[in-house]
Amino acid sequence: MAWDWEFTINEVLPQLMEVVYITISATLVAYLVAMVWGLVLAFARRSQFRPLSVAAYWFVQFIRTTPPLVQLFFIFYVLPRYGIALTPFVAGVLGLGIHYSTFLSEVYRAGIESVPKGQWEAATALNFSPVQKWKTIILPQAIRPVIPVMGNYLIVMFKETPILSAITLVELLGKAQIIGSETFRYVEPITLVGIFFLIMSYGASLLFQRLEMRLDLSKK
Amino acid sequence: MSAEETQTATLEKEEETQGTEKKEEALPIVRYRKVSKSFGENQVLKEVDFDLMPGERVAIIGPSGSGKTTLARLLMTLEKPTSGTIEVDGRQLWHKEVKGKLVEANEKHLHEVRGDIGMVFQHFNLFPHMTILRNLTEAPVKVLGLSKEEARERAMGMLEKVGLTDKAKAYPANLSGGQQQRVAIARALVMRPKVMLFDEPTSALDPETVGEVLDVIKEIAAEGEMAMMLITHEMSFARDVSDRVAFFDEGCIQEQGPPSKLFVQPESERLQSFLSRFNLGEENSQ
Amino acid sequence: MVPIDVIAHIFDRLLPGAAVTVQLTVLSAILAFFLSFLGGFGRLSKFRIIRFVSAFLVEFFRGTSLLVQLFWLYFALPLLGLELPTGLVGILALGINYGAYGSEVVRSAILSIPQGQTEAGIALNMTPGQRMRLIILPQAFRTMLPSFGNLLIELLKGTALVSLITIPDMTFEAKSMRTNAEEYTLQIFGILLILYFIIGYPLSLLTRWAERRFSVGRS
């Protein structure tokens, strides 16, 4: 069975283009969820209130050692039984976002710990309020060194979005499967999806590398 | 062991080397000819001619960045000369003679020639994953092909010389800087090189451990078997231990001679100003 | 609330799947480990062409997404005339994908060994092979261990994807069990997650132990 260019260009490509926005928006929304929830987890871990920090620890450990696919199944199939019916998109970005929030919380933690002790002391000596201290002194310094890692997780999450097809979200891979089952031609659609992911993730990683170099240069 | 025989032969032929004057018959163990080295735009060695006689101890002094270290690294084959040739015991180091022409040497050729050279580094470069004893036996077993017993014996003898037999089973991380450097010296010596290079062996050490390392080097120097090239910032040590001192600046040897002359009556202004930064001969001579 | 025998029953039904999951993890990890070194050395080769080819392959397999690769091998490859056993498809996709990530670990660990170590090897007249085998690799391997540990956990999580190509691993068993017992969806997926955690958590403890063990006390 040879590669059919006409089929590829006239049928597969247009159909896939229709759902590109779903893959991309799922990535971005899930990333947003991960960033926000990750920050919550990072603060919960640092909390003086022990039950909270212990709970955050086990939450992070549990979520990051179990498969995101199963977590998606859990959200998508279990919650509706308790009256919370989510669309595949919402379930998908929640599942993916929460999974990677556990990784981002560790990234934040590393960033916060990289701020020298003297900075905390200086902020205290200048009598900043806790909120001011975090907003103007600690976080700006904590986030800068972890920007490359954060960018890397965006790419990782992007490449993870095909698993959302398992909870019936019609993103790129889901669409490719549908085309395949309708035409019995899987080679072209799945290959195109692979190439799309390759170009996007490789392009993004090159972009981040240049960004990182710029950041490095402007730092001193 | 024919190489060693020729070495002793040249030693016998050699008479007192007096500064730059040398007897015609004595063959140098190391001979730099018009050696230049550039790193990009930066030329660190400029057509250096330099000879080292068998058993001779030469101290190389000079400001940092003057090319001293590069001189040693070229001989240890850690850097490649940009131009010029280096001979070791009559053989080309970086080149091979093929049908009367010099061609670039390959790894096999380098492997044959650099067995005559040993080196002690500024930062010791001990192998952190091996015990002290293993640091000393690994190369004799794997490179020289000694049996484990022979290598062990040789290594323990060398550890005794540097006063560290009790550390044989320790790991480098558990030793002080001075002790690590003594091990590094022993590690180089078990290979029995004909030429030993010391690249600022005490500049990475805490001041209180410098003495123990210098003492070990002096002891080895006193045995007088190997030629030694000592790159150092310790002027009184250079004066005490060397037969000849070479002053390096801006990629060339500016002045050389016996320490008694060089340190007492330096000719060039550069050397005078360089030496004025050290107060020699007053209180700290040993 | 939930009868004990329901939970016991779910466990019973999931355990054969757990055996498949562990088997898949081990076999693909072995393949990934081997490919990590192949790719890592390839990227450090002194021959430009080998460096280029290995860099391309690594980027290719990292960039195209694991599930897409799995589907490609499962759905597309048979149409091109090569039908592999489904289990082998799982092992190949997982092994190659994580091998590509692992090659970065190998490469950066080797590059992280200070230049002085190589120089000391040269000064002792070791051959390039001896320097790699006796000096660089033993040290680099310690640096690799924590990263390999993390990748192993990722690989374990990744095995769940094979349920989508009908390999009867834990996740596959759980899904098929659920279609006949929807009222126990919570228990089934809950226990499934706990089983993954039981396998994965010791690995993560081991990884953190390796991290502490090999990052301190060595200069």
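If only residues of the stretch B:122-144 that are facing chain C (nearest Cβ under 7 Å) and at negative phi are counted, the one that is nearest to the chain's Cα centre (by Cα) is B:123.
If you check residue A:183 against the conditions, is it within 14 Å of another protein chain (Cβ to nearest Cβ), out of contact with any Cys (no Cβ under 7 Å at 6 or more places or on another chain) and among the hydroxyl-bearing types (Ser, Thr, Tyr)? In short, yes. On the given criteria, is residue B:237 in a helix (DSSP H, G or I), more than 14 Å from chain C (Cβ to nearest Cβ) and either more than 21 Å from residue B:139 (Cα to Cα) or of a type outside the set (Lys, Arg) (or both)? Criteria met by residue B:237.
The set of residues in the stretch C:163-207 being among the charged types (D, E, K, R), out of contact with any Gly (no Cβ under 8 Å at 6 or more places or on another chain) and at pLDDT 90 or above consists of C:175, C:178. Residue A:2 meets all of the listed conditions (1) small (Gly, Ala, Ser); (2) in contact with a helix residue (DSSP H, G or I) (Cβ under 7 Å, 6 or more places away or on another chain); (3) exposed (fewer than 14 other Cβ atoms within 10 Å of the Cβ) but one, namely (2). Within the stretch B:257-279, residues that are over 14 Å from residue B:237 (Cα atoms) have Cβ atoms under 7 Å from residues that are assigned to a helix (DSSP H, G or I) in these pairs: B:266/B:272; B:266/B:275, counting only partners at least 6 apart in sequence or on another chain. Of the helices (runs of 4 or more DSSP H) that lie entirely inside the stretch A:53-132, those containing 2 or more residues that are more than 12 Å from chain C (Cβ to nearest Cβ) span A:88-114, A:117-125. In the set C:204, C:112, C:176, C:163, only one residue is away from chain A (no Cβ under 14 Å) and not hydrophobic (A, V, I, L, M, F, W, C); that residue is C:112.
Picking from residues in the stretch B:238-264 that are farther than 22 Å from residue B:117 by Cβ and of a type in the set (A, V, I, L, M, F, W, C), the one that is farthest from the chain's Cα centre (by Cα) is B:264.
Of all residues in the stretch A:62-89, those satisfying the criterion of being under 25 Å from residue A:43 (Cα atoms) and without any contact (Cβ under 8 Å) to a residue 12 or more places away in the chain are A:62, A:65, A:66, A:67.
Do we find that residue C:71 is farther than 21 Å from residue C:160 by Cβ, of a type outside the set (Val, Ile, Thr) and more than 12 Å from the chain's Cα centre (by Cα) in this structure?
Values: farther than 21 Å from residue C:160 by Cβ: no; of a type outside the set (Val, Ile, Thr): yes; more than 12 Å from the chain's Cα centre (by Cα): yes.
Answer is no for this residue.
Taking the stretch C:115-219 and the helices (runs of 4 or more DSSP H) fully enclosed by it, the elements with 2 or more residues that are among the β-branched types (Val, Ile, Thr), farther than 26 Å from residue C:40 by Cβ and open to solvent by less than 10 Å² (accessible area, probe 1.4 Å) are at C:185-215.
A quick yes/no check of all residues on (1) modelled with pLDDT under 90; (2) small (Gly, Ala, Ser); (3) out of contact with any strand residue (DSSP E or B) (no Cβ under 7 Å at 6 or more places or on another chain):
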{"residue": "A:176", "(1), (2), (3)": "no, yes, yes"}
{"residue": "A:182", "(1), (2), (3)": "no, no, yes"}
{"residue": "A:195", "(1), (2), (3)": "no, no, yes"}
{"residue": "A:199", "(1), (2), (3)": "no, no, yes"}
{"residue": "A:207", "(1), (2), (3)": "yes, no, yes"}
{"residue": "A:210", "(1), (2), (3)": "yes, no, yes"}
{"residue": "A:214", "(1), (2), (3)": "yes, no, yes"}
{"residue": "A:219", "(1), (2), (3)": "yes, no, yes"}
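Could we say that residue C:92 is at pLDDT 95 or above and either open to solvent by 40 Å² or more (accessible area, probe 1.4 Å) or hydroxyl-bearing (Ser, Thr, Tyr) (or both) here? For residue C:92, the condition - at pLDDT 95 or above and either open to solvent by 40 Å² or more (accessible area, probe 1.4 Å) or hydroxyl-bearing (Ser, Thr, Tyr) (or both) - is met. When the stretch C:4-18 is limited to residues that are under 17 Å from residue C:179 (Cα atoms) and open to solvent by less than 70 Å² (accessible area, probe 1.4 Å), the one that is nearest to the chain's Cα centre (by Cα) turns out to be C:17. Of all residues in the stretch A:5-36 being at pLDDT 95 or above and in contact with a Gly (Cβ under 8 Å, 6 or more places away or on another chain), which is most open to solvent (accessible area, probe 1.4 Å)? Looking at the filtered set, the residue picked out is A:32.
If you scan the stretch C:67-85, which residues turn out to be under 20 Å from residue A:174 (Cα atoms) and either at the interface with another protein chain (Cβ under 7 Å from one of its Cβ atoms) or open to solvent by 20 Å² or more (accessible area, probe 1.4 Å) (or both)?
C:67, C:68, C:69, C:71, C:72, C:73, C:74, C:75, C:76, C:77, C:78, C:79
Filtered by the rule that a residue be part of a helix (DSSP H, G or I) and touching a helix residue (DSSP H, G or I) at 6+ places or on another chain (Cβ under 7 Å), the stretch B:175-187 gives B:177, B:178, B:179, B:180, B:181, B:182, B:183, B:185, B:186, B:187.
Looking only at residues of the stretch B:86-100 that are out of contact with any Leu (no Cβ under 7 Å at 6 or more places or on another chain) and in contact (Cβ under 8 Å) with a residue 24 or more places away in the chain, we find that the one that is nearest to the other protein chains (Cβ to nearest Cβ) is B:88.
Looking only at the stretch B:188-216, which residues are more than 11 Å from the chain's Cα centre (by Cα), under 18 Å from residue B:117 (Cβ atoms) and open to solvent by less than 10 Å² (accessible area, probe 1.4 Å)?
Selection gives B:190 alone.
The single condition among (1) within 13 Å of another protein chain (Cβ to nearest Cβ); (2) open to solvent by 50 Å² or more (accessible area, probe 1.4 Å) that residue C:53 does not meet is (1).
The values are calculated or read from the model by the stated rules, or taken from the named source; none is laboratory data. If you're wondering where the values come from, they're calculated on a predicted model, not measured in any experiment. So basically every Cβ, Gly included, is an ideal-geometry build from the backbone, and we count neighbours across all protein chains shown. Note: areas computed on protein heavy atoms with side chains; ligands, DNA, RNA excluded. Shrake-Rupley method; radii C 1.70, N 1.55, O 1.52, S 1.80 Å.
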